[in-house]
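Each remark here refers to the structure printed beneath this line.
The values are calculated or read from the model by the stated rules, or taken from the named source; none is laboratory data. Being a predicted model, the structure only gives us computed values, none of them experimental. All Cβ positions, glycine included, derive from the backbone under ideal geometry; neighbour counts span all protein chains shown.
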Amino acid sequence: MRLNPQHFTVAKLMQSRLFRIPDYQRAYSWQKRQRTDLFEDIREVHRTGRDHFMATVVGLARDTRMIDADEFGVVELVDGQQRITTLIILIKAIEKALDAADQTEGKISDDLRRLLVKGDDHNLVLLQTNHDSSDVFASYVRDGNIRQDAIVTAADENVIDAAVECEAFVAKWTEIGTLVELVATIRHKLSMIYHELDDEGTVYRVFEVLNSRGLDVRWIDKTKSQLMASIYEYVEKGSRADGLHEMQTIWKDVYRRLGLDDDLGDEALRFAGTWSDDARPNRVLSEQDASAALLKAAGTKLATIVKAAAWLKVVVAKVVDLHNDQRRAAVTRIGQARFLAIAIMLREFDEKTEAMLLGAWERVTFRIFTLAGKDSRTKVGEYIRLGYDVLKNEMGADEILEALGGLAEGFDIDDIIDEGTWDEWYGGYNEEVRYLLFRYEEHLASTSGVKINDSQWAKVWAADPAKSIEHIMPQSSGKGYVHGLGNLTMLPPGVNSSLKDKPPEDKALRYVECGMNATMAVGREIEAGLKWNKEAVQDRAAKIEVFVRAEWGD
């Protein structure tokens, strides 16, 4: 592999090029922290006058394009797109701030505008991003419009945040220098090592080599590049095009499902690699080991390479689905429990069977990690081995159900519930409080033959649990029992905040009208004359305990 890396300033890099980010690359994901670091680098360069090396950029030369009398090379960015995107947003922020009436600033403003937008039609921008269906990036680069109203995805929101932060940075710059100096600093003092190749297979190998040397690239991105490179290395040229197209479609779907949640991508890779390994595990593989296992499974044939990527895509979908299931948040906080749940989901049982198995998984997990108060170090191997066996050994539903029951051994309900179990449930257990009270709500609805008010509970699930957990006797009362489970109930977030520190008798009517069965029952009791005190809290906790023992006992 012969490379010709070039050391370019930002001005040189952006000269006579049009950049593109393919759909199968990650969307714009830089956060405030990375942008703040960039701004600080620029300030330091201006202060010291020294040149500053920023990063390595890898590009795939696609073709050339004539615009008016100028020729531009079209380059797909394989690495460095986050930094390039931010720099372009920053350049636009500067162009907006320059004084068009000033001769010097006006000329620079015109130069920057021509750099960012090519042609008289104001249509072709310097960088075409992926996943920009809302057009927030292109709109800003063309017209300087920060379209808060057009945000659809997390990537859109990051672009808008970047525009706001870049404009704030530019506005504050005048405290230390002129805008002309800022333009000069960015153009001529910031530099990058640029690799531009015209062979796609070589591009992915370069990306792989560069990012095996400690650069900050996520393992899921490295895995993608290595799989792409494998097609070029092992697959005959005649079969290559169809395979590449399929791979690009798979990765486009992967990144769209993941959005900007890097942690979900890391977890999906770890899970997919663990199931791809032949060794029965005691723990989920690290990202690096999982990537190696997945690449080993991919092998050297086109069918198996594509199959490995497709398998990761399937796992990503299930990881995202489980993460988005807010109702199960109290039982999905434990990593080994998520691994087992996704193994069940990947088996593609019929809907009724899957619901039955996931219900059993929920019960044993809540029993161990909430009712028994165990932490994430508990039963790691048991959960992971079972999750591996469920998928790899294609265990039947009855076998899985029996094995789930075995996980609860040693956690007898009579041993884990004692006199103090319900005393302190607010604060560290907010997700668990919401989950338990929802399950109690389901129980009350079932026994009384009424329906759960789905619209009210939808508001509860959409908000932070603390915004919906209502202290019947308010916290401001200073009573020692205010955080006991018996004193906690659920309200839609807006209703909860409106009641604040009112005494129980003043809130009872709102409780009755809230549409949530357990809370309505409390309201009716108080309206009927029940004095809400420590005894009433203990009595309610005892009623909930009867349900808990029935639901989570043997």
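Points to keep in mind about this one:
- Filtered residue count, the stretch 483-507, keeping only those that are touching a Ser or Thr at 6+ places or on another chain (Cβ under 9 Å), assigned to a loop (DSSP other than H, G, I, E, B) and not charged (D, E, K, R): 3
- Restricting attention to the stretch 147-159 and to residues that are surrounded by 21 or more Cβ atoms within 10 Å (Cβ to Cβ) and of a type in the set (A, V, I, L, M, F, W, C), the residue that is modelled with the highest pLDDT turns out to be VAL159.
- Of the residues ALA292, ALA279, ALA297, the single one that is assigned to a loop (DSSP other than H, G, I, E, B), hydrophobic (A, V, I, L, M, F, W, C), over 20 Å from the mean Cα position of the chain (by Cα) and not assigned by TED's automatic domain parsing to the domain that holds TYR24 is ALA279.
- Applying the set (1) crowded, with 17+ Cβ neighbours inside 10 Å; (2) at pLDDT below 70 to GLU196 leaves exactly one unmet item: (2).
- Here the condition is being surrounded by fewer than 18 Cβ atoms within 10 Å (Cβ to Cβ) and among the charged types (D, E, K, R); of GLU233, GLU267, it holds for GLU233 alone.
- Selected residue [within 36 Å of the chain's Cα centre (by Cα) and in a helix (DSSP H, G or I)] from ARG549, ARG510: ARG549
- Flag for THR104 being polar (S, T, N, Q) and part of a strand (DSSP E or B): no
- Any hit, the stretch 58-71, residues being closer than 25 Å to ALA171 by Cα and not aromatic (Phe, Trp, Tyr): no
- All of ASP412, ASP321, ASP325, ASP375 fail the test of being over 26 Å from the mean Cα position of the chain (by Cα) and either surrounded by fewer than 18 Cβ atoms within 10 Å (Cβ to Cβ) or touching a residue at least 60 places away in the same chain (Cβ under 8 Å) (or both), apart from ASP412.
Condition check ((1) surrounded by 15 or more Cβ atoms within 10 Å (Cβ to Cβ); (2) more than 19 Å from VAL125 (Cβ to Cβ)) across all residues:
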residue	(1), (2)
VAL10	yes, no
LEU38	yes, yes
VAL45	yes, yes
ARG50	no, yes
GLY73	yes, no
THR85	yes, no
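- Looking only at residues in the stretch 12-33 that are touching a helix residue (DSSP H, G or I) at 6+ places or on another chain (Cβ under 7 Å) and not in a loop (DSSP other than H, G, I, E, B), the one that is farthest from GLN226 (Cα to Cα) is LYS32.
- Checked against the criterion of being over 34 Å from the mean Cα position of the chain (by Cα), among the basic types (Lys, Arg), closer than 20 Å to ILE193 by Cα and not in a strand (DSSP E or B), the candidates ARG83, ARG50, ARG113 yield just one match: ARG50.
- ALA330 being modelled with pLDDT of 95 or more and not assigned by TED's automatic domain parsing to the domain that holds TYR429: no
- Of the criteria (1) touching a helix residue (DSSP H, G or I) at 6+ places or on another chain (Cβ under 6 Å); (2) under 21 Å from LYS222 (Cα atoms); (3) hydroxyl-bearing (Ser, Thr, Tyr), which one THR9 fails: (2)
- Within the stretch 101-134, restricting attention to residues that are surrounded by fewer than 14 Cβ atoms within 10 Å (Cβ to Cβ) and either β-branched (Val, Ile, Thr) or at pLDDT below 90 (or both), the residue that is farthest from MET14 (Cα to Cα) is SER133.
- Any pair with Cβ under 6 angstrom, 6 or more apart, that starts in the stretch 17-41 at a residue that is not assigned by TED's automatic domain parsing to the domain that holds GLU157 and ends at one that is among the β-branched types (Val, Ile, Thr) and surrounded by fewer than 20 Cβ atoms within 10 Å (Cβ to Cβ): none
- Cβ-Cβ distances below 9 Å connect the following pairs, each with a first residue in the stretch 347-365 that is more than 13 Å from ILE400 (Cα to Cα), a second residue that is assigned to a helix (DSSP H, G or I) and of a type in the set (Asp, Glu), and a separation of six or more residues or different chains: GLU348/GLU354; ARG363/GLU551.
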